[in-house]
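Since every read-out is calculated from the coordinates, none of them should be taken as a lab result. Since the structure is predicted, the reported quantities are computational estimates derived from the model, not experimental observations. Quick reminder, even Gly has a Cβ in these numbers, built from the backbone with ideal geometry, and neighbours come from all protein chains shown.
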Amino acid sequence: ASRNTHEPEFLQAVYEVAESIIPFTEENLKYKVNKVLERIVEPERVVIFRVPWLNDKGEVEVNRGFRVQMNSAIGPYKGGLRFHPSVTLSVLKFLAFEQVFKNSLTGLPMGGGKGGADFDPKGKSDAEVMKFCQSFMTELYRHVGADVDVPAGDIGVGAREIGYLFGQYKRIKGEFTGVLTGKGFEWGGSLIRQEATGYGVVYFVEEMLNVKNDSLKGKTVVISGSGNVAQFTVEKCIQVGAKVLTMSDSEGFVYDPAGIDAEKLKFIMELKNVRRGRIKEYADAFNCQFFPNEKPWGIKCDIAFPNATQNELDESDAELLVSNGCICVAEGANMPTTPQAIHVFERAKILYAPGKAANAGGVAVSGLEMSQNSQRYSWDREEIDGKLKVIISQIHKTCMKYGEEADGYINYGKGANIAGFVKVADAMIAQGIV
Ligand code: NDP
């Protein structure tokens with residue numbers, strides 16, 4: 001901890017994992033002797049760089065760019081890019097650290113990384129976003145490559161940004177290779193990639209409920225966020241017969257007691273992906289309530305999906321959810337639940353799916369995109385959706401194997417941490433002290 005005193009998010013992620021891993025390494029001494037935990041928390045490499053660009057007024061702007069290459073024991077570094085004013089080294093190190101375990105859980109050969117910039121795409125013109133992306137890639141291209149490091153999207157980096165980044169990489173390197181995932185289908189992307197994280201979270205919840213002979217059909221659902229992950233969580237929830245009551249953005253949430261149906265979701269997709277507007281417009285359009293600057297956790301529900309950002313669900317929110325009868329919390333976002341809130345769920349013995357297991361569908365389909373790029377071939381929707389379901393089901397099984405406690409409660413958090421760790425740790429030991 002003393003090396004990383006100014007990195008609260010990174011320390012939080014490491015403590016959460018260490019809580020499960022330290023007792024495990026006490027029983028499995030090879031990991032302790034080889035100092036795997038001490039090595040796995042140290043990034044293999046961090047690159048920090050200047051990103052200068054010209055805004056529409058012709059003024060110079062400067063942002064800070066990062067790429068954290070955390071671990072390459074089981075494959076090339078893989079993890080998204082985040083463009084948001086809150087991006088710091090601490091945030092990207094926590095995300096890269098989580099990514100190592102998540103990628104390991106998918107069973108695909110991918111190491112862990114994460115990157116981004118403190119750039120805010122909100123309110124910027126397409127031309128400004130393009131100039132920023134081109135400048136960002138003009139440095140990043142030296143550090144990435146189809147067999148080295150393969151970034152993808154995350155908060156603030158969607159199809160538009162991936163397009164501009166890919167165009168600049170291709171121009172500089174003069175090669176058309178799978179250096180990024182989340183590409184458009186016509187130019188090397190995979191079907192189901194944009195749906196994958198949201199769909200995967202819902203598949204994971206179906207697996208958890210299935211163990212209890214239950215399902216999502218007829219359940220009430222509360223969701224935060226209205227970006228990529230939230231939108232496709234809603235789409236899949238509607239398909240499986242659940243009723244979605246809320247969505248949100250950084251300005252507040254909308255509560256629709258009638259349920260967000262397919263038509264209303266279409267409105268949200270157009271609002272968020274095309275017009276880049278605010279969620280409160282939904283309340284005006286469908287005559288329901290908007291709660292400014294609030295989170296949706298006080299709305300009574302069966303299932304909650306925190307799908308916006310880190311630390312958006314704290315201890316008092318968790319207590320409120322439990323006292324309102326919530327039976328399951330599944331993280332579409334990365335580390336949205338504070339450690340104290342996780343303990344509330346564990347004490348109440350309700351189902352809790354950590355992001356590194358529940359939201360791994362996105363990176364899993366990114367892994368499939370890499371395979372398709374290598375083969376210069378593309379699979380159809382059904383084939384990819386089928387593979388996604390199998391991967392999620394496999395992750396669920398692995399979490400159960402390592403997460404079952406003496407009283408029968410499945411601690412999915414502990415299960416995901418240990419299962420993710422073992423594969424990477426064994427590879428690190430096999431590859432020597434590197
Ligand atoms: P998007 O940029 O598409 O959407 C993000 C959503 O979260 C928006 O509604 C945004 O609101 C809200 N949000 C972002 N930051 C904050 C904040 N500081 N406070 C309140 N609300 C905020 O991102 P994604 O949907 O891709 O990502 C959401 C989460 O899922 C992140 O934690 C990401 O790391 C994680 N994730 C994403 C994957 C993917 O495949 N995309 C894969 C695995 C995890 P606003 O528009 O107002 O900013």
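Let me have the 222 nm mean residue ellipticity of the chain computed from DSSP H runs of 4+ only, each contributing -39500 (n - 2.57), with the sum over all residues rounded to the nearest 500.
Theoretical 222 nm ellipticity from helices: -14500 deg cm²/dmol.
Looking at the range 279-434 from every direction and averaging, what is the projected area of its Cα convex hull in nm²?
13.6
Below 8 Å between Cα atoms, with a sequence gap of 6+, how large is the relative contact order for the chain in percent?
15
Which is farthest toward the positive dipole end of the chain among LEU140, PHE421, SER20, measuring Cα position about the Cα centre, with Cβ charges +1 (Lys, Arg) and -1 (Asp, Glu)?
LEU140
Please give the peptides 53-61, 274-282 ranked by average Cβ packing (other Cβ atoms within 10 Å per residue), highest first, as a rough proxy for protection.
Descending packing order for the listed peptides: 274-282, 53-61.
Rg(Cα) of the range 1-155 divided by 2.2 N^0.38 Å?
Compactness ratio reported: 1.15.
Out of GLN310, ALA262, ALA341, whose Cα points farthest toward the positive end of the dipole of the range 194-358 (charges: +1 Lys, Arg; -1 Asp, Glu; placed on Cβ)?
So the residue furthest toward the plus end is ALA262.
Could you estimate the translational diffusion coefficient of the chain from the Stokes-Einstein equation, with Rh from the Kirkwood formula over C-alpha pairs, at 10 °C and 1.306 mPa s, in whole µm²/s?
73
Please arrange HIS6, HIS396 by how many other C-beta atoms lie within 10 Å of their C-beta, fewest to most.
HIS6, HIS396
For the range 194-358, compute Rh as the Kirkwood radius over C-alpha pairs and then the Stokes-Einstein diffusion coefficient at 37 °C and 0.692 mPa s; write the answer in µm²/s, rounded to an integer.
So the translational diffusion coefficient is about 213 µm²/s.
Show me the ranking of peptides 257-263, 12-18 by mean Cβ neighbours inside 10 Å, starting with the highest.
Answer by packing, highest mean first, reads 12-18, 257-263.
To the nearest 20 Debye, how big is the dipole of the chain about its Cα centre, given +1 on the beta carbon of each Lys and Arg and -1 on that of each Asp and Glu?
Here the chain has a charge dipole of around 940 debye.
Can you grab the distance from the C-alpha centre of the range 117-168 to the C-alpha centre of the range 242-262, Å, no decimals?
Rounded to whole Å, the Cα centres lie 30 Å apart.
Take peptides 99-105, 148-154 and line them up by average Cβ neighbours within 10 Å, highest first, as a rough protection proxy.
99-105, 148-154
Taking the number of other C-beta atoms within 10 Å as the exposure measure, put LYS30, LYS114 in order starting with the fewest.
Ranking LYS30, LYS114 by Cβ neighbours within 10 Å, fewest first, gives LYS30, LYS114.
Is there a quick way to get the dipole size of the range 194-358? I mean about its Cα centre, with the Cβ of Lys and Arg at +1 and of Asp and Glu at -1; what is the value in debye to the nearest 20?
200
Using only the Cα atoms, work out Rg/Rh for the range 141-242, with Rh taken as the Kirkwood radius, to two decimals.
Answer for the range 141-242: 1.11.
Over the range 194-358, calculate the relative contact order: mean separation of alpha carbon pairs under 8 Å at least 6 apart, over the residue count, as a percent.
22
At 7 Å along the Cα-to-beta-carbon direction for both GLU27 and TYR409, put a label point, then send me their distance in nm to one decimal.
1.7
If you take the charge dipole of the range 194-358 about its Cα centre, with +1 on Lys and Arg Cβ and -1 on Asp and Glu Cβ, which of GLN231, GLN289, ASN213 is farthest toward its positive end?
It is ASN213, whose Cα lies furthest towards the positive end.
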